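Worksheet: the structure to be examined is printed underneath.
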Amino acid sequence: MTQVELAQALGTHQTSLSQIERGIRGVGVKQILRLSRALRVPADKILAPSRSEGPVEPRNEKLLRRVRRIEKLPAKHQEAVVKMIDAFLDTHDRSNGRR
């Protein structure tokens with residue numbers, strides 16, 4: 001798949017995808033979910049560290065329990081939760097002068 005084809009599947013521009021690949025631009029949760037669908041691979045395969053590093057677990061057990069509950073929801077409900085979290089984080093970042 002070319003960058004242009006992948007960018008179209010993700011609903012973004014090729015230049016944005018290029019910046020992500022080069023590490024100039026970060027990737028949000030929503031983009032990871034879109035990438036997962038476009039490439040037909042589970043999101044954890046995209047996010048998983050190399051085998052030598054071992055699995056990464058959140059340090060906050062309370063958050064981990066909630067993530068596990070969210071993973072049991074239907075995909076549409078998971079997306080709704082991700083949108084709410086993204087909106088909250090974006091608002092938090094803006095109020096703290098980030099972005």
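Coordinate-derived values only; no laboratory data. All values reported here derive from a predicted model rather than from experimental measurement.
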Completion exercise
For the chain, averaging the sequence separation of alpha carbon pairs under 8 Å that lie six or more residues apart and dividing by its residue count, the contact order in percent is 17
Practice task
Identify which of the listed values of log10 I(q)/I(0) by the Debye sum over Cα atoms at q = 0.12, 0.15, 0.23 Å⁻¹ was calculated from the structure shown: [x] -0.74, -0.85, -1.12; [y] -0.41, -0.61, -1.24; [z] -0.50, -0.80, -1.42.
Solution key: [z]
Completion exercise
Using alpha-carbon positions, the gyration tensor of segment 57-99 gives root eigenvalues a ≥ b ≥ c; with a/c under 1.5 called rounded, otherwise prolate if a/b exceeds b/c, else oblate, the class is oblate
